[in-house]
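Encoded as structure tokens, the structure appears first; notes follow it.
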Amino acid sequence: MRRRPAAYFFDTVTLSNFALVGRFGLLIERYGTRLQVTPEVLDEVTEGVMAGYDALHEIEDAVADGVVGRAGVLTAPADRQAYAELLRILGAGEASCIVHAAAHGGVVVSDDRTARLCCGERGIDVSGTLGILKACSVDGSITQDEADSILQAMIDAGYYSPVRRISDI
């Protein structure tokens, strides 16, 4: 039996995909405090709120209330070096998630192609929006039709998806 990872380090886009369609609670139900938000991701979420994406307040509130986990600041010299190197090709949120996952044996949750490639190069497990929706429909947290409906709402909100229905994967 495969052991569940202790932590899932979510990037801003993946968190936003769920929050912007009113389904952030699905992530809380599934991951609880294993859902980790890095300081860099939280800064990006705050920038989104300031840009007018009010639904992202739910993410800030969940972090503040301890409903989801708050990853620490990267302080180890090797971690800071790895982070600086990743910043050459990734945003701060994705880079911080990869370094934290590498240091703590966690999973990176990102839809960013470059971030996912970096995870593969480093042997870090990765998931994303589609994987979460599929897993939720497989384990019965939501129905397949509900997963398809959530995906369509995400697409309508601006999410680029290579598929139109979760039932197709």
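The values are calculated or read from the model by the stated rules, or taken from the named source; none is laboratory data. Note that this is a predicted model, so its numbers are computed, not measured. Virtual Cβ from ideal backbone geometry, glycine too; neighbours counted across all protein chains shown.
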field: Unmet criterion (only one of (1) hydroxyl-bearing (Ser, Thr, Tyr); (2) crowded, with 16+ Cβ neighbours inside 10 Å; (3) assigned to a loop (DSSP other than H, G, I, E, B)) for Ser137
entry: (3)
- prompt: Do the conditions hold for Asp79, that is, is it modelled with pLDDT of 95 or more and either hydroxyl-bearing (Ser, Thr, Tyr) or part of a helix (DSSP H, G or I) (or both)?
  reply: yes
statement: Restricting attention to segment 82-95, the residues that are among the small types (Gly, Ala, Ser) and either in contact (Cβ under 8 Å) with a residue 40 or more places away in the chain or not in a helix (DSSP H, G or I) (or both) number exactly 4
query: Can you name every residue in segment 1-60 that is farther than 21 Å from His104 by Cβ and of a type in the set (Asp, Glu)?
result: Glu29, Glu47, Asp54, Glu58, Glu60
- prompt: In segment 115-137, what residues are among the hydrophobic types (A, V, I, L, M, F, W, C), farther than 18 Å from Asp148 by Cα and in contact (Cβ under 8 Å) with a residue 60 or more places away in the chain?
  reply: Ala115
message: So, in segment 64-112, exactly how many residues are buried (at least 19 other Cβ atoms within 10 Å of the Cβ) and charged (D, E, K, R)?
response: 3
- request: Can you give me the number of residues within segment 138-169 that are touching a Cys at 6+ places or on another chain (Cβ under 7 Å) and without any contact (Cβ under 8 Å) to a residue 60 or more places away in the chain?
  value: 1
- line: When every residue in segment 5-63 that is outside any helix (DSSP H, G or I) and of a type in the set (S, T, N, Q) is compared, the one surrounded by the most Cβ atoms within 10 Å (Cβ to Cβ) is Thr38
